[in-house]
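K.L.:
Questions regarding the structure given below will be posed in turn.
The values are calculated or read from the model by the stated rules, or taken from the named source; none is laboratory data. What you see is a predicted model; the values in this text were computed from it and never measured. Here Cβ is always computed from backbone atoms with ideal geometry, including for glycine, and neighbour counts include all displayed protein chains. The accessibility values were calculated without ligands, DNA or RNA, using every heavy atom of the protein model including side chains. Shrake-Rupley method; radii C 1.70, N 1.55, O 1.52, S 1.80 Å.
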Amino acid sequence: MEGEEGDQSLSHIKGVVIISLPPPDNPSLGKTITAFTFSNPSPSSPLPLSYQPSLQQQTHQSQYPLSPYLHSSFTRVFFTTLLKFVSFFGILIFTLFLHGSLSSTTLQQLRGSNSDNVDDDGLTTFMFPLFPKFGIHGQKDVKLQLGKLQKENFVTQSNAKVTSRVVDLSSAFPIGGNVYPDGLYFTYLLLGNPPKRYFLDVDTGSDLTWIQCDAPCKSCAKGAHVLYKPTRSNIVPSVDSLCMEVQKNQKNGGYHESLQQCDYEIQYADHSSSLGVLIRDELHLMTRNGSKTNLDFVFGCGYDQEGLLLNTLAKTDGIMGLSRAKVSLPYQLASKELIKNVVGHCLSNDEVGGGYMFLGDDFVPYWGMSWASMANALTTDLYQTEILGINYGNRLLSFEGSMKSGNVVFDSGSSYTYFPKEAYLNLVASLKEVSWLGLIQDDSDTTLPLCWRANLPIKSVKDVKHFFKTLTLQFGSKWWILSTVFHIPPEGYLIISKKGNVCLAILDGSNVHDGSSIILGDISLRGQLVVYDNVEQKIGWKREDCDIPRRSRNTYNFLTHGIL
């Protein structure tokens, strides 16, 4: 019996081992291994009040004094460890919750919409790449594309077929290009079925989008791609409302009853021209998350191009019209309720070029923009606003005659900036002071009308910008403290020529447009995110690096499309 009782008592003996690590600030103390045993009495035997488990302690590298209160120490260690574990677990849960909340908010801001938060109107934004157009190096008679004024309103067809409604994310694409020596910026569109890529100059001063077309082509440049080949079913009839919009300001009306086609003719400010017919074909667009949509799009099929335009078409296929006109690309997309009628572009200010362009309002910043009201849409389709003053440094540059205000046209189709004659002459007179600072005018450099050379080699505008001052355009209020301003730093109006001189990229605009407007071209729009909001009738700008649109960072990578 005693043996059996001994066996029963042994069966209730338990062993516990506790390993304590040394403190981080004193690892030399080593780790401690604490081992002890205790026995559980049978349910029928009450635990003696004087019960204390037998204990054996072994340490490595250091000895801790034995405690007469080991049971209470173990309890404190156990509950302290448990408390730390619970505290750590609670902090971890709170951190994950906070991270999830912030990540969700950030993701919604970056995406703009998701399956649970899509605008009721299902609108989106499309992003396009812009690339350099290789024009004529050193061409003094620079190209300026300005669409013809369209003063009448009309209603576009509302029954155009949309094969896929876009309710997802927007596309994001890179821009390439520079002002000098390559020229303007261009992007691409995918047209036709199957879709083919065509490079187009991005022009906020033009109404109609058109590409060189094998119709057959009477006068076409080489272009970047094989000429677009239309079919008879693609031809827009002369009774189409878009045809009426295009032809209303043409001299000959362009109506061919026998052919039942819609002809167009566009004259540009540099006396170039494009002649062709209107075509309706599928336009394919890529959204930011990789999904695709396609829709019917009306554009020009140009078979007769004349003037300097032929030179600029050496590496492109046509022009993308982005003005306020009803036939423009943004209006056609907005009329089909695919986007809000908003256009934006950001041209990089560095020598390499780059940037991006978008259609729609998803990439318009929430804050930091400066805004100016557009001119009345009934009087012009150009992106034009009123200016109250322009300064070179602290010196006021006068407008024509006694005019107290003038107009500014934002035109991405112009490489350079143009001033009215009086303001231009005032600027040139103000720039004579640079000769006192060490820059000598070089009349042998015909890159632009006014160039200077320095005693030391000039590698970039940064080397000489300290000789020049910032131009400031004042909008909105005659009180400077209340006005909206557009700053043009020296790199916004100077270029370095092939001869290594610095040249003024602001030209006399006496014979451009109406002769009294300031034309802001690409040279002055670089380094700015410029937004044309046709819904709110305002133009906005903000300094940006023009690398990747802010609200699309860490989302769909727009570099994966293969820009060339």
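K.L.:
(1) open to solvent by less than 10 Å² (accessible area, probe 1.4 Å); (2) modelled with pLDDT under 90; (3) not hydroxyl-bearing (Ser, Thr, Tyr): which one isn't true of CYS346, the others all being true?
P.N.:
(2)
K.L.:
Moving to a separate point now. Name the single residue that is nearest to ASP514 (Cα to Cα) among those in segment 405-439 being surrounded by 15 or more Cβ atoms within 10 Å (Cβ to Cβ) and of a type in the set (Gly, Ala, Ser).
P.N.:
Per the stated criteria, the residue is GLY406.
K.L.:
So, one more: Looking only at segment 352-364, decide whether some residue is over 22 Å from ARG543 (Cα atoms) and either open to solvent by less than 40 Å² (accessible area, probe 1.4 Å) or not charged (D, E, K, R) (or both).
P.N.:
If we filter segment 352-364 for residues that are over 22 Å from ARG543 (Cα atoms), which is where we start, we get none.
Among the residues of segment 352-364, not one is over 22 Å from ARG543 (Cα atoms) and either open to solvent by less than 40 Å² (accessible area, probe 1.4 Å) or not charged (D, E, K, R) (or both), which makes the answer no.
K.L.:
Let me ask something else. Does at least one position in segment 316-330 carry a residue that is outside any helix (DSSP H, G or I), more than 29 Å from THR379 (Cβ to Cβ) and touching a residue at least 24 places away in the same chain (Cβ under 8 Å)? Don't jump to the end; show me each part of the working.
P.N.:
Step one: filter segment 316-330 for residues outside any helix (DSSP H, G or I), giving 316-328.
Checking the rest, the ones that are also more than 29 Å from THR379 (Cβ to Cβ) come to 316-317.
Filter again for touching a residue at least 24 places away in the same chain (Cβ under 8 Å), leaving 316-317.
Yes, segment 316-330 contains at least one residue that is outside any helix (DSSP H, G or I), more than 29 Å from THR379 (Cβ to Cβ) and touching a residue at least 24 places away in the same chain (Cβ under 8 Å).
K.L.:
Suppose the filter is closer than 24 Å to ILE266 by Cα and open to solvent by 50 Å² or more (accessible area, probe 1.4 Å); does ASN341 pass it?
P.N.:
Values: closer than 24 Å to ILE266 by Cα: yes; open to solvent by 50 Å² or more (accessible area, probe 1.4 Å): no.
In short, no.
K.L.:
Looking at segment 331-342 only, could you name the residues that are in a loop (DSSP other than H, G, I, E, B) and over 20 Å from ILE539 (Cα atoms)?
P.N.:
LYS336, GLU337, LEU338
K.L.:
Kindly establish whether THR187 is in contact with a helix residue (DSSP H, G or I) (Cβ under 7 Å, 6 or more places away or on another chain), modelled with pLDDT of 75 or more and crowded, with 19+ Cβ neighbours inside 10 Å. Even if it seems obvious, please write down each step before you answer.
P.N.:
On the way: in contact with a helix residue (DSSP H, G or I) (Cβ under 7 Å, 6 or more places away or on another chain): no; modelled with pLDDT of 75 or more: yes; crowded, with 19+ Cβ neighbours inside 10 Å: yes.
For THR187, the condition - in contact with a helix residue (DSSP H, G or I) (Cβ under 7 Å, 6 or more places away or on another chain), modelled with pLDDT of 75 or more and crowded, with 19+ Cβ neighbours inside 10 Å - is not met.
K.L.:
So, one more: Condition first: polar (S, T, N, Q), surrounded by fewer than 20 Cβ atoms within 10 Å (Cβ to Cβ) and part of a loop (DSSP other than H, G, I, E, B). Now tell me which residues in segment 483-513 satisfy that. Steps first, answer last, please.
P.N.:
Taking segment 483-513 as the starting set, the residues that turn out to be polar (S, T, N, Q) are 483-484, 497, 501, 510-511.
Now drop any that are not surrounded by fewer than 20 Cβ atoms within 10 Å (Cβ to Cβ), which leaves 483-484, 510-511.
Once the filter is applied, which keeps residues that are polar (S, T, N, Q), surrounded by fewer than 20 Cβ atoms within 10 Å (Cβ to Cβ) and part of a loop (DSSP other than H, G, I, E, B), segment 483-513 yields SER483, SER510, ASN511.
K.L.:
Could you pull out the residue among SER497, SER510 that is farther than 22 Å from ILE440 by Cβ and of a type in the set (Ser, Thr, Tyr)? Explain how you work it out, then say what you get.
P.N.:
Values: SER497 fails: farther than 22 Å from ILE440 by Cβ.
Exactly one residue qualifies, and that residue is SER510.
K.L.:
Which one of these does VAL298 not meet: (1) under 26 Å from LEU313 (Cβ atoms); (2) open to solvent by 10 Å² or more (accessible area, probe 1.4 Å); (3) at pLDDT 85 or above?
P.N.:
For VAL298, the failing item is (2).
K.L.:
Another question, if that's okay. Across segment 450-471, what is the total count of residues that are within 22 Å of TYR424 (Cα to Cα) and either loosely packed, with under 15 Cβ neighbours inside 10 Å or in contact with a Gly (Cβ under 8 Å, 6 or more places away or on another chain) (or both)? Step through it out loud before you land on a result.
P.N.:
To start, the set of residues in segment 450-471 that are within 22 Å of TYR424 (Cα to Cα) comprises 450-453, 461, 464-471.
Filter once more, keeping what is either loosely packed, with under 15 Cβ neighbours inside 10 Å or in contact with a Gly (Cβ under 8 Å, 6 or more places away or on another chain) (or both): 453, 466-467, 469-471.
Count: 6.
K.L.:
Can you say whether LYS248 is under 22 Å from LEU313 (Cβ atoms), surrounded by fewer than 16 Cβ atoms within 10 Å (Cβ to Cβ) and modelled with pLDDT under 90, as far as the supplied structure shows?
P.N.:
no
K.L.:
Sticking with this one: Check whether at least one residue in segment 302-309 is farther than 17 Å from ASP263 by Cα, open to solvent by 10 Å² or more (accessible area, probe 1.4 Å) and touching a residue at least 12 places away in the same chain (Cβ under 8 Å), and report yes or no.
P.N.:
Initial filter on segment 302-309 (farther than 17 Å from ASP263 by Cα): 307-309.
With the extra rule that they be open to solvent by 10 Å² or more (accessible area, probe 1.4 Å), the set shrinks to 307-308.
Okay, now just the ones that are also touching a residue at least 12 places away in the same chain (Cβ under 8 Å), so 307-308.
Yes: one or more hits.
K.L.:
Out of (1) under 17 Å from LYS542 (Cα atoms); (2) open to solvent by 10 Å² or more (accessible area, probe 1.4 Å); (3) of a type in the set (Ser, Thr, Tyr); (4) over 19 Å from the mean Cα position of the chain (by Cα), what's the single condition that is false for THR385?
P.N.:
Result: THR385 passes all but (2).
K.L.:
In this structure, is PRO237 open to solvent by 40 Å² or more (accessible area, probe 1.4 Å), at pLDDT 85 or above and touching a helix residue (DSSP H, G or I) at 6+ places or on another chain (Cβ under 8 Å)?
P.N.:
Yes, satisfied.
K.L.:
Being over 19 Å from LEU520 (Cα atoms), of a type in the set (Val, Ile, Thr) and under 16 Å from the mean Cα position of the chain (by Cα) is the filter here, so list the residues in segment 343-381 that pass it.
P.N.:
Within segment 343-381, just VAL364 meets the criteria.
K.L.:
Can you tell me which residue is nearest to ILE387 (Cα to Cα) among those in segment 516-536 that are open to solvent by 10 Å² or more (accessible area, probe 1.4 Å), in a loop (DSSP other than H, G, I, E, B) and touching a residue at least 60 places away in the same chain (Cβ under 8 Å)? If you could, list the steps in order and put the result at the bottom.
P.N.:
So in segment 516-536, the residues open to solvent by 10 Å² or more (accessible area, probe 1.4 Å) come out as 516, 526, 533-536.
Subset that is in a loop (DSSP other than H, G, I, E, B): 516, 534-536.
Now narrow it down to the ones that are touching a residue at least 60 places away in the same chain (Cβ under 8 Å): 516, 534-535.
Numbers: SER516: 12, ASN534: 19, VAL535: 21 Å.
Filtering segment 516-536 for residues that are open to solvent by 10 Å² or more (accessible area, probe 1.4 Å), in a loop (DSSP other than H, G, I, E, B) and touching a residue at least 60 places away in the same chain (Cβ under 8 Å), the one nearest to ILE387 (Cα to Cα) comes out as SER516.
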